[in-house]
Amino acid sequence: DAGITQSPRHKVTETGTPVTLRCHQTENHRYMYWYRQDPGHGLRLIHYSYGVKDTDKGEVSDGYSVSRSKTEDFLLTLESATSSQTSVYFCAISESGTGNTEAFFGQGTRLTVV
Amino acid sequence: GESVGLHLPTLSVQEGDNSIINCAYSNSASDYFIWYKQESGKGPQFIIDIRSNMDKRQGQRVTVLLNKTVKHLSLQIAATQPGDSAVYFCAESSPSQAGTALIFGKGTTLSVSS
(Lines give C-alpha, C1' and ligand atoms only; values in the text may rest on other atoms or scores of the structure.)
Protein backbone atom coordinates (compact mmCIF):
# COMPACT_ATOMS: atom_id res chain seq x y z
CA ASP A 1 0.00 0.00 0.00
CA ALA A 2 1.01 3.58 -0.60
CA GLY A 3 2.06 5.30 2.63
CA ILE A 4 -1.39 6.41 3.72
CA THR A 5 -2.71 5.94 7.22
CA GLN A 6 -6.23 6.77 8.27
CA SER A 7 -7.24 7.09 11.89
CA PRO A 8 -9.30 5.96 13.55
CA ARG A 9 -10.27 2.91 11.53
CA HIS A 10 -13.60 2.60 13.28
CA LYS A 11 -15.62 5.07 15.28
CA VAL A 12 -19.06 5.22 16.82
CA THR A 13 -20.28 8.64 17.84
CA GLU A 14 -23.48 10.29 18.95
CA THR A 15 -25.59 12.64 16.90
CA GLY A 16 -24.58 16.25 17.38
CA THR A 17 -20.99 15.62 18.42
CA PRO A 18 -18.01 16.84 16.42
CA VAL A 19 -15.77 14.21 14.88
CA THR A 20 -12.36 14.51 13.26
CA LEU A 21 -10.84 11.94 10.96
CA ARG A 22 -7.17 12.04 10.13
CA CYS A 23 -5.28 11.11 7.01
CA HIS A 24 -1.52 10.92 7.14
CA GLN A 25 0.72 10.32 4.13
CA THR A 26 4.43 9.65 3.81
CA GLU A 27 4.61 10.08 0.02
CA ASN A 28 4.91 13.88 -0.03
CA HIS A 29 2.10 14.07 -2.58
CA ARG A 30 0.62 17.46 -3.21
CA TYR A 31 -3.03 16.45 -3.62
CA MET A 32 -5.18 14.87 -0.95
CA TYR A 33 -8.86 13.95 -1.10
CA TRP A 34 -11.63 12.82 1.18
CA TYR A 35 -14.32 10.55 -0.24
CA ARG A 36 -17.27 8.85 1.35
CA GLN A 37 -18.60 5.51 0.19
CA ASP A 38 -22.21 4.49 0.59
CA PRO A 39 -24.17 1.58 -0.87
CA GLY A 40 -25.69 2.54 -4.19
CA HIS A 41 -23.58 5.70 -4.50
CA GLY A 42 -20.06 4.55 -5.06
CA LEU A 43 -17.39 6.98 -3.88
CA ARG A 44 -18.25 10.65 -3.70
CA LEU A 45 -15.83 13.51 -3.19
CA ILE A 46 -16.26 15.55 -0.01
CA HIS A 47 -13.28 17.93 -0.04
CA TYR A 48 -9.85 18.02 -1.52
CA SER A 49 -6.58 19.83 -1.01
CA TYR A 50 -4.06 20.96 -3.60
CA GLY A 51 -1.44 22.14 -1.12
CA VAL A 52 -0.85 23.27 2.43
CA LYS A 53 -3.76 25.49 3.47
CA ASP A 54 -5.29 25.12 -0.01
CA THR A 55 -8.58 23.28 0.04
CA ASP A 56 -11.82 23.26 -1.88
CA LYS A 57 -15.24 21.64 -1.83
CA GLY A 58 -16.31 18.53 -3.61
CA GLU A 59 -19.67 17.10 -4.51
CA VAL A 60 -20.97 16.40 -0.97
CA SER A 61 -19.25 18.96 1.25
CA ASP A 62 -22.21 20.13 3.37
CA GLY A 63 -21.64 19.37 7.05
CA TYR A 64 -17.93 18.79 6.60
CA SER A 65 -14.83 20.92 6.91
CA VAL A 66 -11.18 20.15 6.28
CA SER A 67 -7.79 21.47 7.19
CA ARG A 68 -4.30 20.92 5.91
CA SER A 69 -1.61 22.56 7.95
CA LYS A 70 1.16 20.20 6.81
CA THR A 71 1.79 18.38 3.58
CA GLU A 72 1.41 15.02 5.24
CA ASP A 73 -1.84 15.55 7.15
CA PHE A 74 -5.37 16.16 5.93
CA LEU A 75 -8.11 16.34 8.53
CA LEU A 76 -11.82 15.91 7.94
CA THR A 77 -14.19 17.31 10.56
CA LEU A 78 -17.86 16.63 10.92
CA GLU A 79 -18.96 19.73 12.72
CA SER A 80 -22.09 18.17 14.23
CA ALA A 81 -22.47 14.54 13.25
CA THR A 82 -25.79 13.33 11.85
CA SER A 83 -27.01 9.84 11.07
CA SER A 84 -26.77 10.60 7.36
CA GLN A 85 -23.02 10.87 7.80
CA THR A 86 -22.76 7.23 8.78
CA SER A 87 -20.47 5.97 6.05
CA VAL A 88 -17.05 4.66 5.17
CA TYR A 89 -14.60 7.49 4.61
CA PHE A 90 -11.58 7.15 2.37
CA CYS A 91 -8.61 9.40 2.04
CA ALA A 92 -6.71 9.46 -1.22
CA ILE A 93 -3.48 11.05 -2.40
CA SER A 94 -2.21 11.97 -5.82
CA GLU A 95 1.14 13.31 -6.91
CA SER A 96 -0.02 15.77 -9.54
CA GLY A 97 -3.79 15.66 -9.38
CA THR A 98 -6.06 12.95 -10.67
CA GLY A 99 -6.38 14.61 -14.02
CA ASN A 100 -2.85 13.37 -14.67
CA THR A 101 -2.01 10.57 -12.31
CA GLU A 102 -3.77 7.92 -10.32
CA ALA A 103 -4.93 8.34 -6.75
CA PHE A 104 -3.92 5.97 -4.00
CA PHE A 105 -6.39 5.21 -1.27
CA GLY A 106 -6.14 4.54 2.41
CA GLN A 107 -7.84 1.64 4.15
CA GLY A 108 -10.88 3.67 5.17
CA THR A 109 -12.60 4.76 8.35
CA ARG A 110 -15.95 3.29 9.20
CA LEU A 111 -18.01 5.91 11.02
CA THR A 112 -21.31 5.16 12.68
CA VAL A 113 -23.44 8.01 14.03
CA VAL A 114 -26.07 6.86 16.52
CA GLY B 1 -24.27 16.37 -12.94
CA GLU B 2 -22.03 14.15 -14.94
CA SER B 3 -21.60 10.63 -13.75
CA VAL B 4 -19.90 7.43 -14.62
CA GLY B 5 -21.90 4.26 -14.51
CA LEU B 6 -21.48 0.58 -15.02
CA HIS B 7 -23.74 -1.59 -17.08
CA LEU B 8 -24.05 -4.48 -14.64
CA PRO B 9 -23.95 -4.47 -10.85
CA THR B 10 -22.78 -8.09 -10.68
CA LEU B 11 -20.83 -10.50 -12.84
CA SER B 12 -20.24 -14.16 -12.10
CA VAL B 13 -17.61 -16.17 -13.94
CA GLN B 14 -15.79 -19.47 -13.67
CA GLU B 15 -12.12 -19.62 -12.80
CA GLY B 16 -10.05 -19.48 -15.94
CA ASP B 17 -12.64 -17.62 -17.98
CA ASN B 18 -12.04 -14.14 -19.32
CA SER B 19 -14.07 -11.38 -17.65
CA ILE B 20 -15.29 -8.18 -19.22
CA ILE B 21 -16.55 -5.36 -17.04
CA ASN B 22 -18.18 -2.42 -18.78
CA CYS B 23 -18.58 1.21 -17.93
CA ALA B 24 -20.36 4.07 -19.68
CA TYR B 25 -19.40 7.65 -19.03
CA SER B 26 -21.35 10.76 -19.89
CA ASN B 27 -18.81 13.58 -19.86
CA SER B 28 -17.32 13.90 -23.31
CA ALA B 29 -14.65 16.20 -21.84
CA SER B 30 -13.24 13.41 -19.68
CA ASP B 31 -9.68 12.71 -20.67
CA TYR B 32 -8.36 10.31 -18.06
CA PHE B 33 -9.87 7.06 -16.89
CA ILE B 34 -8.92 4.59 -14.18
CA TRP B 35 -10.07 1.18 -13.09
CA TYR B 36 -9.95 0.33 -9.41
CA LYS B 37 -10.43 -2.94 -7.56
CA GLN B 38 -11.87 -2.95 -4.08
CA GLU B 39 -11.78 -5.98 -1.85
CA SER B 40 -14.02 -6.26 1.17
CA GLY B 41 -12.89 -4.02 4.01
CA LYS B 42 -10.15 -2.35 1.99
CA GLY B 43 -9.66 0.82 0.04
CA PRO B 44 -9.79 0.94 -3.76
CA GLN B 45 -6.63 -0.33 -5.41
CA PHE B 46 -5.37 1.04 -8.72
CA ILE B 47 -5.44 -1.48 -11.58
CA ILE B 48 -4.86 0.38 -14.80
CA ASP B 49 -5.43 3.76 -16.39
CA ILE B 50 -5.86 5.15 -19.87
CA ARG B 51 -5.86 8.59 -21.41
CA SER B 52 -8.23 9.84 -24.05
CA ASN B 53 -5.53 9.85 -26.73
CA MET B 54 -5.41 6.05 -26.53
CA ASP B 55 -8.01 3.38 -27.22
CA LYS B 56 -6.31 0.40 -25.62
CA ARG B 57 -3.83 -0.25 -22.88
CA GLN B 58 -2.58 -3.53 -21.52
CA GLY B 59 -1.25 -4.54 -18.16
CA GLN B 60 -0.60 -7.83 -16.52
CA ARG B 61 -3.69 -9.96 -17.32
CA VAL B 62 -5.77 -6.81 -17.72
CA THR B 63 -6.67 -4.71 -20.72
CA VAL B 64 -8.61 -1.48 -20.77
CA LEU B 65 -10.45 -0.40 -23.89
CA LEU B 66 -11.74 3.09 -24.48
CA ASN B 67 -14.32 3.95 -27.11
CA LYS B 68 -14.73 7.71 -27.12
CA THR B 69 -17.32 7.64 -29.88
CA VAL B 70 -19.86 5.92 -27.65
CA LYS B 71 -18.25 6.97 -24.36
CA HIS B 72 -17.60 3.45 -23.24
CA LEU B 73 -14.84 1.94 -21.16
CA SER B 74 -14.20 -1.71 -20.48
CA LEU B 75 -11.87 -3.79 -18.36
CA GLN B 76 -10.91 -7.21 -19.57
CA ILE B 77 -9.38 -9.68 -17.13
CA ALA B 78 -7.74 -12.71 -18.68
CA ALA B 79 -7.83 -16.12 -17.00
CA THR B 80 -9.87 -14.86 -14.08
CA GLN B 81 -8.80 -16.20 -10.70
CA PRO B 82 -10.64 -16.43 -7.37
CA GLY B 83 -8.40 -13.63 -6.10
CA ASP B 84 -9.96 -11.36 -8.70
CA SER B 85 -13.26 -11.47 -6.82
CA ALA B 86 -13.94 -7.90 -5.75
CA VAL B 87 -15.88 -4.80 -6.65
CA TYR B 88 -14.52 -2.98 -9.70
CA PHE B 89 -14.99 0.73 -10.21
CA CYS B 90 -14.31 2.85 -13.21
CA ALA B 91 -13.47 6.48 -12.59
CA GLU B 92 -13.12 9.45 -14.87
CA SER B 93 -11.53 12.83 -14.65
CA SER B 94 -11.78 15.94 -16.73
CA PRO B 95 -10.36 19.44 -16.51
CA SER B 96 -13.81 20.69 -15.49
CA GLN B 97 -13.99 18.57 -12.37
CA ALA B 98 -13.14 20.13 -9.05
CA GLY B 99 -9.44 19.70 -8.41
CA THR B 100 -9.44 17.26 -11.30
CA ALA B 101 -10.83 14.81 -8.77
CA LEU B 102 -12.06 11.45 -9.90
CA ILE B 103 -15.73 10.74 -10.44
CA PHE B 104 -16.58 7.13 -9.72
CA GLY B 105 -19.17 4.81 -11.08
CA LYS B 106 -21.22 2.64 -8.74
CA GLY B 107 -19.21 -0.53 -9.20
CA THR B 108 -19.53 -4.06 -10.51
CA THR B 109 -19.13 -6.99 -8.15
CA LEU B 110 -17.12 -9.77 -9.79
CA SER B 111 -17.57 -13.23 -8.33
CA VAL B 112 -15.22 -15.98 -9.46
CA SER B 113 -16.09 -19.56 -8.71
CA SER B 114 -13.60 -22.41 -8.88
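The values are calculated or read from the model by the stated rules, or taken from the named source; none is laboratory data. Remember, predicted model here, so these are calculated numbers, not experimental data. In this analysis, Cβ positions are derived from the backbone assuming ideal geometry, glycine residues included, and neighbour counts consider all displayed protein chains. Remember, those area values only see protein heavy atoms, side chains included, never the ligands or the DNA or RNA. Shrake-Rupley method; radii C 1.70, N 1.55, O 1.52, S 1.80 Å.
The value for region A:1-68 of Rg(Cα) / (2.2 N^0.38 Å) is 1.17. Sorted on the mean count of surrounding Cβ atoms within 10 Å across their residues, most packed first, peptides A:52-60, A:40-48 read A:40-48, A:52-60.
Which whole number gives the average, over all residues in B:34-45, of C-beta atoms from other chains lying within 10 Å of the residue C-beta? Could you put the intermediate results ahead of the total?
Working: counts 4, 1, 4, 0, 5, 0, 0, 5, 6, 16, 11, 4.
Going residue by residue through B:34-45 and averaging, the value is 5.
Computed about the Cα centre, the dipole magnitude for region A:4-113 is approximately 200 debye when only Lys and Arg (+1) and Asp and Glu (-1) carry charge, each at its Cβ. Cross-link reach is defined here as a Cα-Cα straight distance under 18 Å, omitting same-chain residues fewer than 8 places apart; for B:Lys37 the lysines meeting it are B:Lys106.
Applying 1/(1 + (r/R0)^6) with R0 = 30 Å to the Cβ-Cβ distance of B:Gln81 and A:Arg9, what FRET efficiency is obtained, to the nearest 0.05? Present the calculation step by step, with values, prior to reporting the outcome.
Numbers: r = 28 Å, r/R0 = 0.94.
With R0 = 30 Å, the Cβ-Cβ based efficiency is 0.60.
Each listed q (0.08, 0.18 Å⁻¹) maps to a log10 I(q)/I(0) for the protein assembly as shown, found by the Debye formula over equal Cα scatterers with no solvent: -0.28, -1.32. Here the accessible area is traced with a 1.4 Å probe on the protein chains. For chain A, carbon and sulfur cover 46 percent of it. Estimated from the Cβ-Cβ distance and a Förster radius of 25 angstrom, the FRET efficiency linking A:Tyr50 and A:Thr86 is about 0.30. Where q = 0.09, 0.17 Å⁻¹, what log10 of I(q)/I(0) comes from the Debye formula for chain A, counting one point per Cα? Log10 of I(q)/I(0), two decimals: -0.20, -0.74. Each chain gives up part of its surface: B and A jointly bury about 1600 Å² of accessible area, both sides summed, for a 1.4 Å probe.
How large is the accessible surface per residue of the protein assembly as shown, computed with a 1.4 Å probe and reported in Å² as a whole number? Mind dumping the intermediate values first?
Values: 10550 Å² over 228 residues.
Accessible surface, normalised per residue, equals 46 Å².
Compute the label zone of B:Met54 within region B:17-37: residues whose backbone N is under 11 Å from the point 7 Å along Cα-to-Cβ. Within reach of a label on B:Met54: B:33-34. Mean per-residue shielding of peptide A:51-60 is 2, counting Cβ atoms of other chains within 10 Å of each Cβ.
The calculated P(r) of chain B, using every Cα pair and 10 Å bins from 0, goes 15, 49, 30, 6, 0 in percent.
For a straight C-alpha distance cut-off of 15 angstrom, the aspartates and glutamates reachable from B:Lys42 (same-chain residues fewer than eight places away being disregarded) are A:Asp1, A:Asp38, B:Asp84.
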